[in-house]
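Only one structure is covered here, and it is reproduced in the block below.
Bear in mind that the values in this text are calculations on the coordinates, not laboratory data. Owing to the predicted nature of the structure, the values given are computational and were not obtained by experimental measurement. As a convention, Cβ positions derive from the backbone with ideal geometry for all residues, glycine included, and neighbour counts pool all protein chains shown.
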């Protein structure tokens, strides 16, 4: 029986393409000297400034702000890594997230079922909490962790195991839900059920070998839970 749901944020709760293009545009505009400079930095993080699209292999999809800062650092020699990361996190906190589905009614329904709900993101915790608050979601989560919260980053299992401990659930009673292989590998390493969703950049064929089930989006969770309860 599934008793807890642990969500990734970007590409899972929020549609990746529609949310993070605005962040990339804002960040690169703020830190670049001109359009050519912005294009070079975009290429470094897998983002096409002119088309406003991410490469499927972009490190922005699943990496931490510190990884992105390392990639941008050669193009910003006047800034320290800490300063670049602060710029990344500041832009992320202000980014306008586009929900993958109507989130409040979905999460309220899941809570009515008695499920514990958590968030595990490779974003930092401060922007993650800002994004939840902006959509009136904070009160619906029992647990929120970013890569800087002390549990490590995905694909490591630290955040997953911390959610299990915080909710007094066994890992096998929890579904880790995400749009990337990092999410699914973290769930596997923690001993959780793995649910892939297609609101990020990965395709069904990318996720299927690593997931127990692949859903179109998190709006399909209630039906999946019902089916699982009935058929095992």
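General observations
- Sequence-separation-based contact order of the chain, relative, with Cα cut under 8 Å and 6+ spacing, percent: 25
- Burial ranking of peptide ranges 121-128, 135-142 (average Cβ count within 10 Å, highest at the top): 121-128, 135-142
- Between 0 and 90°, nearest 10: helix 103-112 axis offset from the chain longest Cα axis: 30
- Helical runs assigned H by DSSP (4 residues or longer) give the chain a calculated mean residue ellipticity at 222 nm of -13000 deg cm²/dmol, each run adding -39500 (n - 2.57) before division by the residue total.
- Relative contact order [Cα under 8 Å, 6+ residues apart], the stretch 17-94, whole percent: 27
- For the chain, the longest principal axis of the C-alpha atoms and the axis of helix 125-134 are separated by about 70°.
- More than 20 Å apart - percent of Cα-Cα pairs taken over the stretch 17-94: 18
- On Cα atoms only, tilt of 158-167 relative to the major axis of the chain in degrees: 40
- Taken along the Cα-to-beta-carbon direction at a fixed 7 Å, the label points for residue 29 and residue 220 span 3.6 nm.
- Inter-label distance for residue 168 and residue 113, nm, one decimal - labels placed 7 Å from Cα along Cα-to-Cβ: 2.2
- Anisotropy class of the stretch 106-177 from Cα gyration tensor, a/c 1.5 cut: oblate
- Remark: spin-label model distance residue 104-residue 229 equals 2.5 nm, labels positioned 7 Å along the Cα→Cβ axis.
- Set against the labelled values (i) 36, 21, 17; (ii) 33, 23, 17; (iii) 31, 17, 16, semi-axes √(5λ) of the Cα gyration tensor in Å computed from this structure falls on (iii).
- Using the average count of surrounding beta-carbon atoms within 10 Å as a protection proxy, the listed peptides 218-231, 200-213 rank, highest first, as 200-213, 218-231.
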